[in-house]
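Data block below; observations after.
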Amino acid sequence: MSNMTQAAFAAALLDRAKPVPQGLRSASGSAPARRYGVYRNNVATGLARALAARFPITEKIVGEEFFTAMARDFVLGTPPTSPVLLHYGGDFPDFVAAFPPAAGLPYLADIVRLENAQVKAYHARDIAAVDPQALSRIAPERMSGLVFIFHPAATVLTSSHPIVTIWAMNSGAQALVPIENWRAENALVTRPELTVLTREIGAGSASFLLALMKGATLGEAYESAMDADPDFDLGRNLADLLRSGAVIDITAEPSLEA
C-alpha cells in the first residue's frame, strides 16, 4: 500500500463523508470496499467501547445503547490524535454538555467530568504528600502568605447538581434510592496512596481549594472561602486538606526553612 493510499485509508476511517480509498486490495480479492466499511465501523465501535470503559457510571445512567450512540458521535467528530488511548476522552465532558439528546439530563456532563477527574487521579504520577504536621512548624505571622502545591491527582469540581450522590448511588457506594434533597454538590478527588477517593465538600471548601490551586496565598483563599460561606472553618479545612494527601509542598517568600 502506497503512502498516499495509507493516508487516505486513515483519513476516511472516521470520516464517512470521505470515499473508500482507491487502490485497496483484499487477500481474497473480493469486495475490498465492503470489507473497508466493516473495518471502519469496527474502529468507531471499538473507540466507543473504550470510552465506555473510561466512563462506566455515565454509561450505567444512560444505558449502553444511548451511551454507544453518543460516544460514536464523539468519536467521529473527535478522533484520537495518539495511538495511546490512555488519555482519550478528555474532551468528552464538553461534548456531552452540548449533546442535544442528553439535554434532559442536565447533570450528566458533570458526572462525566467527575469520572474524568477520577481517571486523571488514577494515572497521576506518584509524589509524596506533605507532612500533615508541616503547618505546625511555620510561624503564625507567615501563615497568610503560604502557597500550597497540589498533587497532580487532585481535582475540585463544582456542580449545581448532587453529582457525588448520583455517582455514589450508581457506583454501589450508596443505595440507589430517589434523591429527595436535590441540591448543589462539590467534589474533591484525590489519590493519597493507591486508591482514588471522591468525597463531597461544601461551597466554602470548594472556593478555598480552587483558589489555592490557582496559586492564591492562604490569606487570599480564606477570603474567597468566606465570601462563599461565612461560617467557613479555616482550621478544620486546613486539617482536612493536609490529611487528604492532596498537597505535596507548602512554600512562602522567603522560602520555608527545613
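The values are calculated or read from the model by the stated rules, or taken from the named source; none is laboratory data. Since the structure is predicted, the reported quantities are computational estimates derived from the model, not experimental observations. Every residue, glycine among them, receives a Cβ derived from its backbone with ideal geometry; neighbour counts consider all protein chains shown.
Residues satisfying the criterion are present in segment 231-247 (criterion: under 25 Å from GLU141 (Cα atoms), in contact with a strand residue (DSSP E or B) (Cβ under 8 Å, 6 or more places away or on another chain), part of a strand (DSSP E or B) and touching a residue at least 24 places away in the same chain (Cβ under 8 Å)).
Would you mind stating whether GLU141 is surrounded by fewer than 18 Cβ atoms within 10 Å (Cβ to Cβ) and in contact (Cβ under 8 Å) with a residue 12 or more places away in the chain? Give the derivation first.
Details: surrounded by fewer than 18 Cβ atoms within 10 Å (Cβ to Cβ): yes; in contact (Cβ under 8 Å) with a residue 12 or more places away in the chain: no.
When the stated conditions are applied, GLU141 does not pass them.
Taken together, ALA128, ALA44, ALA98, ALA109 contain a single residue that is farther than 30 Å from LEU218 by Cα and touching a residue at least 24 places away in the same chain (Cβ under 8 Å), which is ALA44.
When restricted to residues that are out of contact with any strand residue (DSSP E or B) (no Cβ under 6 Å at 6 or more places or on another chain) and not in a loop (DSSP other than H, G, I, E, B), segment 126-138 contains 3. Filtering segment 139-156 to residues that are touching a strand residue (DSSP E or B) at 6+ places or on another chain (Cβ under 9 Å) and over 17 Å from ASP240 (Cβ atoms) leaves VAL147, ILE149, PRO152. If you go through segment 151-170 and keep only what is over 25 Å from LEU212 (Cα atoms) and β-branched (Val, Ile, Thr), you end up with THR165, ILE166.
Here ALA109 fulfils each of the conditions (1) small (Gly, Ala, Ser); (2) assigned to a loop (DSSP other than H, G, I, E, B); (3) at pLDDT 85 or above apart from (2).
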